[in-house]
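Shown next, in C-alpha cells, is the structure this report addresses.
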Amino acid sequence: MSSGVCLQKISLLIGSQVLPQVVTFVSSNITSADWRARYAAVLSLGTITEGPDKPSFNQILVPSINQLITMYGDPSIKVR
C-alpha cells in the first residue's frame, strides 16, 4: 500500500505528467495472468485520480471503462 501512497503523492506533485508512465504500466499489466500484476495495475490507476487534470485523465479513462468494468468479475478478490 505504501507504493500507492507514493504514486498518489507523485501524481499530486506533477499532475498530468504522470499519465504516460502509469498508462504504460497499466496497459502492460491489466490483462496479466498473475493477479498481483492486475492488482498493481488497478491500484496504480486508482491512486492517481486526483493528480492529473480531469480532461487528460478522462481521455485515458473513458476508452478503458469497459475493461475496468470487467475487472469486477476478476477471480481475485483483491483485483475486484
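The values are calculated or read from the model by the stated rules, or taken from the named source; none is laboratory data. Computed from a prediction, not measured in an experiment: that's the story for all the values here. Methodologically, a virtual Cβ is constructed for each residue, glycine included, from the backbone with ideal geometry; neighbour enumeration extends over all protein chains shown.
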TODO: For residues that are under 11 Å from V22 (Cβ atoms), in contact (Cβ under 8 Å) with a residue 40 or more places away in the chain and not in a helix (DSSP H, G or I), tally how many sit in the stretch 42-80.
DONE: 3
Task: Among residues of the stretch 37-61, those that are of a type outside the set (S, T, Y) and more than 13 Å from the chain's Cα centre (by Cα), counted - done: 4
Task: Test for A41: is it at pLDDT below 95 and either under 15 Å from V79 (Cα atoms) or of a type in the set (D, E, K, R) (or both) - done: yes
Task: Any pair with Cβ under 7 angstrom, 6 or more apart, that starts in the stretch 1-29 at a residue that is of a type in the set (A, V, I, L, M, F, W, C) and ends at one that is outside any helix (DSSP H, G or I) - done: L7/I48; L12/E50; L12/G51; V18/I48; V18/G51; V18/P52; L19/P52; V22/I48
TODO: Could you list, in sequence order, all residues of the stretch 28-38 that are surrounded by fewer than 19 Cβ atoms within 10 Å (Cβ to Cβ) and either part of a helix (DSSP H, G or I) or not hydrophobic (A, V, I, L, M, F, W, C) (or both)?
DONE: S28, N29, T31, S32, D34, W35, R36, A37
Task: Residues located in the stretch 1-27, provided they are exposed (fewer than 15 other Cβ atoms within 10 Å of the Cβ), more than 21 Å from Y72 (Cβ to Cβ) and hydroxyl-bearing (S, T, Y) - done: S2, S3, T24
